[in-house]
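No value in this document is a laboratory result; all are computed from the given coordinates. Only a predicted model underlies this, so the values are computations on that prediction, with no experimental measurement involved. Cβ placement follows ideal geometry from the backbone for every residue including glycine, while neighbour counts extend to all protein chains displayed.
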Amino acid sequence: MNMKKLVMTIALAVVGGVVAMAQQMPMIPVDPDVRIGQLDNGLTYYIRHNNWPEQRAEFYIAQKVGSIQEDDSQRGLAHFLEHMAFNGSKHFKGNELLRWCESIGVKFGNDLNAYTSVEQTVYNISNVPTTRESIIDSCLIILWDWADGLLLEQEEIEKERGVIHEEWRLRTSAQMRMLERDLPKLYPGSKYGERMPIGLMEIIDNFERPFLQAYYEKWYRPDNQGIIVVGDIDVDQVEQKIKTMFSQIAKPGPDAARFEPVAVPDNAEPIVVIDKDKEQKINMAEVMFKHDATPNSAKLTVDYIVAKYMKSEALGMLNSRLGEIAQQPDCPFLQAQVSDGNYIFSKTKDALDMAVVPKDGQMNEALKRVFAEVRRAAEFGFTATEYGRSKANTLSGLDKSYSNKDKRYNSQFVNQYVNHFLNNEPIPSIDDHYQMMKNLVPAIPLEGINEVMRQLVPQNDSNLVIISFNQEKDDAVYPTEEGLLGAIRDARAEKLTAWVDNVKDEPLMTTLPTKGKISKEEKIDKFLTQTADSVESGYSELTLSNGIKVVLKHTDLKKDQVLLSAEGWGGSSLYGLEDRANISFFNDVVEASGLSSFSHTELIKAMAGKIAGASLSMSAQRTHVSGSSTPNDVETMLQLVYLYMTGNIKKDQQSFDQLMKSAEVQLKNRLLNPEAVFGDSLNATLSCHNPRFKSLEVSDLKDVDYDRILQMARERTANAGAFTFTIIGNYNDTIIRPLIEQYIGSLPTQKDIVKGKDIATDYKGKVVNDFRHKSETPKSIAVIHWYTKQIPYTLENSILAQVAGQVLQMVYLKEIREEASAAYTVNAQAGVSRDDFGDEASLFAYCPMKPEKADTAIAIMRGAVQEMAAGKCDADMVMKVKEYILKAHADQLKSNGYWSGRIGAWRKWKLDFHTDYEKTVQAVTPERVSAFVAEVLKSGNEAEVVMLPAE
Ligand SMILES: [Zn+2]
């Protein structure tokens, strides 16, 4: 059965009937602002100018090949090859490519990266500063080297084997082990079953160079390659350069290998896979119905966009229902989500996929309930009120992104072009797309969506696949094939009735509070930003009639964004150990509650068509209220904030119970995960086993007291006078002022402010916690931490800390990964911070490493820090890090969060971390970095936590 075709026919009929389109569907126009071309050798390119942010560009090369092209002797080599792209090429010997990128502030792992999947391999150089033309040239040379100039030197291959082995170890989890084991059963008779990209470790450890070479030469060819350059560049110039450079790559001959797409055969009988692993934390299942994927040739005309829209509306409404059902006390599942897309990871076959997390021991009941709901939607359709909300959300989302069309990031374009190149996904301009959707959405009737839903659910169980992953333990009762199939059969037999959509047709607030006034306004010429008409402005500090201060800063950095943050004195430190569980769950419980007269679910429904949110949370010394909205929905956001601040959180017992059930499942088996075991040990060591900071266990859940949490929320918000509000973004100034008077000026305030208590329990001196832990795949992790209270929180020290951390990260990358092949990931960070009780500077080194090379890795982690403190700090590395920090800072200037943070630090501590930022970075010398590290080490506070595998 070709289900996609059916769906499309329906869409055609629906659109044809309603908007009377011609029989011949119009083509989806390609965005005229992207230059697309193809060279004679078959290489495709996409080039687009975009200047947000200015002087930045992205350079990508996408290859239409991945692990599926490997033969049996090459399993893992597609991914191995991807690693070799950073280890020696025609113009960049050894690791020079990494070093050169570092020199322009492009960091390996962040901005310089790649990924290999089953059907594609994509490389990127991102956030490239386009300040010099030579940088653009060099990036194109790197793409050229990746396309055709890899050296694949023996010595580099030998070093990379260990790195990839450690990547395998790092990524190996219970689910990965089971999936890898079960793939052949999930893809019977298909190569997909044996092509996990990470491959086989015996091949990674032992393969001979010609096998890798063969893959590279056979598949990395211009006709499989697409180059994408987006950013602040000259399109004509870049096109000319691409033509000149890449035309040199030979055109594949007529005998070049052809790759036939690998089919995924249909299955007449259901495939049921039941597996278990000792480290699997939660039992889960997926029910899938395979169906044909939409061929690339069917993605060219408007009906494809129509079909996609209709399916996404149908699945969105279905998932809202499942979310609502999950809150009912007798619901057998904790979570369920239905989607439609690639079957596991194959492009050539799609599947309708129902993912289910059952409550304890209710696997069969959960599957039955979810599939019955899917059937209910298919047979009775959705209600007018459901579709009304769903459409409203879609339309407001479209308006939001359209309003910000001039401030789209390069990465957004790149993702679209990669998808166009690899999967033929349409790339209309944002104007065309917006117009198309604005016409389509109101024109498509509910009946059409219901018909699409009906077509998505097959009437019989051919092409059915069920996966059930379980926790392995002695007394476990595992699901059986009969049981799982029986659940589907029972769901099919169940007599269903139509869904009833309960909606509360009331405004969020029925009566408005007595309005306050803006009684004073001070304009502050600090932290200046430019508006569209090049006017520079700082910020305003309003004093309201109730005494509350509101900082107001208008920016158009994101045209669709307004952010609110309010910080009040006093936080969780005001509560004792007896409230430990309540403190831990405070944020989540508040979030799961309702507001005003609305339950949690009613609130979600009431927000349809609005893009606004708010939340209340606690940290140790403060209480925080945050909000965000589009310029249009500022009033809704302020209403939400008002309700949180005035004790109007509504108790929603069902929602709370569901939260506690989920927490129980999460916590019960948390320590089966070796990384969680390490995290707990680290936490305990750094906090001197302070019981306040200990991770919760299932037995603590009985102490979570809903009423007590609501009481804490009321206490923390009772005095709005303890809060300062900051609102930043693209609001309308004349509209927002009366709203501020209405919703913030009306909040009750008192004079007395309660401040938090010092609850920190830092370790002192040298502390060592080395331990062994047994896990399914042997794992080892090390952390070394140093701190001092003697370094003040200043701009200079915070920059020195950043530089020190990043230089260390570079040393670790070079010595632990590249030279010793002892790890895949290395990490170092340093920072300076301040709270109400003092300042602290710390250094943190982290590395999950090869158990056999743990001593080497740990020696480097500690040795590099000691050397730095002794005055050996690499000047070249410091220069590169400064380059990176300056570039990252220039990018941060484009975000509202940055300005809000800078204003906050200024108002709180009189610290200006903005004005002299660049000057201070430029003044950093290796000597000062060394002195900073030496000062941290002088305290003698050092904690080492190491986990090694037990026999
Ligand atoms: Zn990798």
For residue 89, list long-range residues whose amide hydrogen, built 1.01 Å from N in the peptide plane, is under 5 Å from its own amide hydrogen.
94, 151
Taking the Cα centre of each part, how many Å lie between segment 877-951 and segment 387-415?
35
Residues meeting the amide H criterion for residue 561 (H placed from the backbone, H to H distance under 5 Å, 5 or more places apart or on another chain) are 730
Each residue of segment 143-148 in turn: what ³J(HN,Hα) in whole Hz from Karplus with 6.51, -1.76, 1.60 and θ = phi - 60°, glycine and Pro shown as x?
4, 5, 4, 5, 5, 8
Tell me which trypsin sites (Lys or Arg not before Pro) from segment 414-473 have a DSSP coil assignment and no more than 16 other beta carbons within 10 Å of their own.
473
Mean projected area (nm²) of the alpha-carbon convex hull when segment 472-579 is viewed from all directions
19.0
Dividing the convex hull volume of the alpha carbon atoms of segment 750-798 by its residue count, what do you get in Å³ per residue?
236
Global form of segment 71-172, assessed from the alpha-carbon gyration tensor, a/c cut-off 1.5
prolate
Which links in 558/751; 610/650; 549/910; 553/789; 405/553; 407/887 stretch past 25 Å when you go from one Cα to the other?
558/751; 553/789
Computed FRET efficiency, Cβ-Cβ of residue 770 and residue 55, R0 41 Å: what is it to the nearest 0.05?
0.30
Taking the Cα centre of each part, how many Å lie between segment 449-463 and segment 733-805?
51
If you average the sequence gap of Cα pairs under 8 Å that are 6 or more apart and divide by the length of segment 39-118, what percent do you get for the contact order?
25
The alpha-carbon center of segment 591-654 and that of segment 274-321 are separated, in whole Å, by 31
What number, in percent, do you get for the relative contact order of the chain if the mean sequence gap of Cα pairs under 8 Å and at least 6 apart is divided by its residue count?
14
Using mean Cβ contacts within 10 Å as the protection proxy, how do 95-107, 568-580, 764-776 order, highest first?
95-107, 568-580, 764-776
Check cross-link reach from residue 278 to the aspartates and glutamates: straight Cα distance under 12 Å, and skip same-chain residues fewer than eight apart.
472, 474, 776
Rounded to 0.05, the calculated FRET efficiency for the beta carbons of residue 292 and residue 886 at R₀ = 60 Å is 0.70
Highest to lowest packing among 291-302, 194-205, scored as the average C-beta count within 10 Å:
194-205, 291-302
What are the ³J(HN,Hα) values, in whole Hz, obtained from phi via the Karplus relation 6.51 cos²θ - 1.76 cosθ + 1.60 with θ = phi - 60°, for each residue of segment 889-898 in sequence order, with x given for Gly and Pro?
5, 4, 6, 5, 4, 8, 10, 4, x, 4
Determine, for each peptide in 165-177, 492-504, the mean count of other beta carbons within 10 angstrom over its residues, then list the peptides with the highest first.
165-177, 492-504
Need one number: nm distance between label points at residue 24 and residue 577, each 7 Å from Cα along Cα→Cβ, rounded to one decimal.
8.1
Let me make sure I get this right: for the chain, a, b and c are the square roots of the gyration tensor eigenvalues over alpha carbons, sorted descending. Under 1.5 in a/c it's rounded, otherwise prolate if a/b > b/c, else oblate. Which is it?
rounded
Given the pairs 159/218; 299/559; 185/218, which are separated by over 26 angstrom at their Cα positions?
299/559; 185/218
